[in-house]
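The block underneath contains the structure these notes are about, expressed in structure tokens.
Read the figures in this text as sums done on the coordinates, not as results from a lab. The structure displayed is predicted, hence computed values, not measured ones.
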Amino acid sequence: MAIERPARYGKQLAGHLGHRVQVDELSNGWALHIGEGMGFVLPHDGGADPALELRAEADSPEMLERIKDVLARHLLQFTTKLPSVTIDWVDSSVAS
């Protein structure tokens with residue numbers, strides 16, 4: 001998702017959820033252990049189009065939806081003052 005200061009919002013999201021789940025700092029962002037899956041918060045500051053990539057991985061569709069909900073709902077709490085922040089999930093398991 002396109003967003004100004006993606007590293008700031010990514011760090012804020014990881015720190016906020018870190019009170020509830022295990023968070024591992026990565027060289028390019030954060031990995032969050034949510035239920036039986038993983039959520040990834042990956043800021044992309046370089047270039048003309050800064051963005052924050054949210055990625056969810058889980059073995060079951062139910063857990064995948066839960067991780068997406070947790071990441072999106074909490075991120076949207078921090079971005080209420082930004083103009084029209086939208087999160088579009090892409091299913092990476094579908095072959096192109």
**Message:** Only Cα pairs within less than 10 Å get springs; with that Gaussian network setup on the chain, which residue of Lys68, Lys81, Lys11 has the largest fluctuation?
**Reply:** Lys81
**Message:** Using Cα springs under 10 Å in a Gaussian network model of the chain, which residue among Gln12, Gln77, Gln22 shows the largest mean-square fluctuation?
**Reply:** Gln77
**Complete:** A correct Karplus calculation of ³J(HN,Hα) over the stretch 56-69, with 6.51 cos²θ - 1.76 cosθ + 1.60, θ = phi - 60°, whole Hz and x for Gly and Pro, returns 10, 9, 7, 7, 10, x, 5, 5, 4, 5, 5, 5, 4, 4
**Asked** Between Rg and the Kirkwood Rh of the stretch 6-78, both from Cα atoms, what is the Rg to Rh ratio?
**Response** 0.96
**Item:** For the chain: relative contact order, % (alpha-carbon pairs under 8 angstrom, 6 or more apart)
**Value:** 27
**Item:** Between helix 6-17 and the chain: long-axis angle, C-alpha atoms, 0 to 90°, nearest 10
**Value:** 40
**Complete:** Taking the chain and counting helices only, DSSP H stretches of n ≥ 4 at -39,500 (n - 2.57) each over all residues, the nearest-500 ellipticity at 222 nm comes to -10000 deg cm²/dmol
